[in-house]
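Quick note: the coordinates plus some simple rules give every number you see, no bench work behind them. As the structure is a computational prediction, the values presented were derived from the model and not from experiment. Don't worry about glycine lacking a Cβ; one is built from the backbone with ideal geometry, like all the others, and counts go over all protein chains shown.
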Amino acid sequence: MITDFHTHLFPPLFREKRDHLVHEDPAFRSIYSFPEARLASAEDLLRSMDDNGVQRSVVFGFPWEKADLYARHNDYILESIHQYPDRLTGFCSFSPLAPGGAREAERCLDEGLSGVGELAVYGSGLTWEVVCTLKDVMDLCAHLNVPFLLHTNEPVGHAYPGKTPNTLKEIYDFVRAYPDNRIVLAHWGGGLLFYGLMKKEVREALKNVWFDTAASPFLYTPDIYRIAGEIVGSEKILFGSDYPLIRPERYFKEMSSAGLSLEQMNQIKGLNAARLLEG
């Protein structure tokens, strides 16, 4: 079964009020003020899934700072997974800087969501203040044994909407701060996985960490699938499309061109996600 571990949905009101929302939230404006940045519905996603042979998708919203925005968005994710329980698995989103984040996570997990993410701070990056602010959320996720998905990005290379000023040390410090949590680092962990080659400390620190492939065709050559598998193991890689940014078929073509075995392809495209979501 193919599972897409990284997709974004927006409720009808947010799609209709997009021009208003770009003035409400600087992070939203940094990504979605561009007309080509699509806002997709659950039905849009399901059509794409059917077209690309994807059986299940992990869906989430946007890390809003304002409580009324993240609660309304999470409500739409809840509605979507209850309407399509055989196709969608939902995660809870809010800004790590939102003071009510832990309460919102508890509410959403109680009502049927299966994890927390994609969380991000698009302005300051992953500072130690942000890491500490997430303690209650991370404690809740550890207690309930649910995954936590964090936005990361490579600290070098070209600029693009939504690229944060995080550093690899900040990402690494976050992982080390919460060793008991099952953590998914989006976008290949910003390249942190390459340090899995180090002889001391890093491999142990990454034992409860998975890496998703979201936006990979924009960032890396297809060799990333083979090389990442050699470093951290193919069992730690999760196919994520970042829908509606890139269609799944493009990822599948790149995986095939990377020379992966059928077993490795099956792990990345769904088996790893199933095991992670099952706990």
Pairs to check: Lys200/Lys269; Lys163/Lys207; Lys135/Lys207; Lys236/Lys269; Lys199/Lys253. Give those whose C-alpha atoms are more than 22 Å from each other in this structure.
Lys200/Lys269; Lys163/Lys207; Lys199/Lys253
Mind checking the dipole of the chain: about its Cα centre, +1 per Lys or Arg Cβ, -1 per Asp or Glu Cβ, Debye to the nearest 20?
560 debye
Could you name the lysines in cross-link range of Lys66, using Cα to Cα under 16 Å and dropping any fewer than eight places away on the same chain?
Lys17
For His6, which sequence-distant residues (separation of 5 or more, or a different chain) have an amide H within less than 5 Å of its own amide H, given hydrogens modelled in the peptide plane?
Val58, Ser241, Asp242
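Do me a favour and compute the ellipsoid semi-axes for the chain from its Cα gyration tensor, root of five times each eigenvalue, largest one first, whole Å.
After scaling each eigenvalue by five and taking roots: 25, 22, 19 Å.
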Which of Phe194, Phe5 comes first, and how do the rest follow, when ranked by fewest Cβ neighbours within 10 Å?
Phe194, Phe5
Kindly write out, for the range 212-218 in residue order, the coupling ³J(HN,Hα) from the Karplus curve 6.51 cos²θ - 1.76 cosθ + 1.60 (θ = phi - 60°), rounded to whole Hz, with x marking Gly and Pro.
9, 9, 3, 6, 3, x, 8
Among Tyr84, Tyr178, what is the fewest-to-most ranking by other Cβ atoms within 10 Å?
Tyr84, Tyr178
Under the rule of at least 5 residues apart or a separate chain, name every residue whose amide H is placed under 5 Å from the amide H of Val184.
Phe148, Leu149, Leu150, Trp210
Taking only Cα atoms of the range 156-279, what ratio of Rg to Rh do you get with Rh as the Kirkwood inverse-distance radius?
0.94
Figure the gain on full extension for His20 and Glu235 (residue separation times 0.36 nm, minus the Cα-Cα span) and round it to one decimal in nm.
73.2 nm
